[in-house]
Amino acid sequence: MNTVKYLKFEDSSPKDLINILNEESLRKHLIEHPHFDSYNINEWISGKIETNAAKGCRVRVISIDGEIAGWCGIQEDDEGFEIAIVISQKFWGYGIRIFKTIMSWAKELGHKEVLFHLLETRRSYKSLARMARKISHRQLLGRNFSTYYLLVP
C-alpha cells in the first residue's frame, strides 16, 4: 500500500503546489480562478496557514510516496465547515482514502456535520448520498453545485 502523508503547508514547496493547482484536468472541477504563479501561490499558502490555525479547521498538503499530490482539509464556509480534496489527476484513485482521513479529523475536531461541495463537473456519488443528512443543489459564483451535508460518525 502506498504511503499517504499529510504535511503542513509551511513544510511544502510552493513550486510543487503550483504545478498541481494549475493542471487543467483539476481546474475544470474548481471555481474559476487565475493560474497560480510564484507570487500568488505564496498568498494562497499564507491563507491556508491562517485557515489551519482557526478553530475547527485543519488543512494539509497531501504527499503520496514522497510526491506532492494536492491538498485537503476542513475549512470554514458560510454554512459551517466544509471538506475539500484537491488532488492531481494522477492520484484520483486515492480520494476515498483521503476522504476517510478527513472524516476522522472532523470527529477529532468535534464536528457533528461537515459539508462537501461538488461542482457540476463531478458525477453524483451514491455512497455520499447514503451518508448525507441532505443534499442541496445551488449556484455559487455562477456555477452549479451539489452540497452533501455529511454527518460525522
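The residue that is surrounded by the most Cβ atoms within 10 Å (Cβ to Cβ), among those in the range 67-97 that are within 25 Å of R143 (Cα to Cα) and among the β-branched types (V, I, T), is I74. For the range 96-153, a residue qualifies if it is at pLDDT below 80 and assigned to a strand (DSSP E or B), and the qualifying residues are L119, L140, R143.
Would it be correct to say that E43 is modelled with pLDDT of 95 or more, charged (D, E, K, R) and part of a helix (DSSP H, G or I)? So E43 fails the test. Selection of the range 41-77 for residues being aliphatic (A, V, I, L, M) and closer than 16 Å to G110 by Cα yields A53, A54, V59, I74.
The values are calculated or read from the model by the stated rules, or taken from the named source; none is laboratory data. Nothing here was measured: the structure is a model prediction, and the numbers come from that model. No Cβ is skipped: glycine too gets one built from the backbone with ideal geometry, and neighbour counts run over all protein chains shown.
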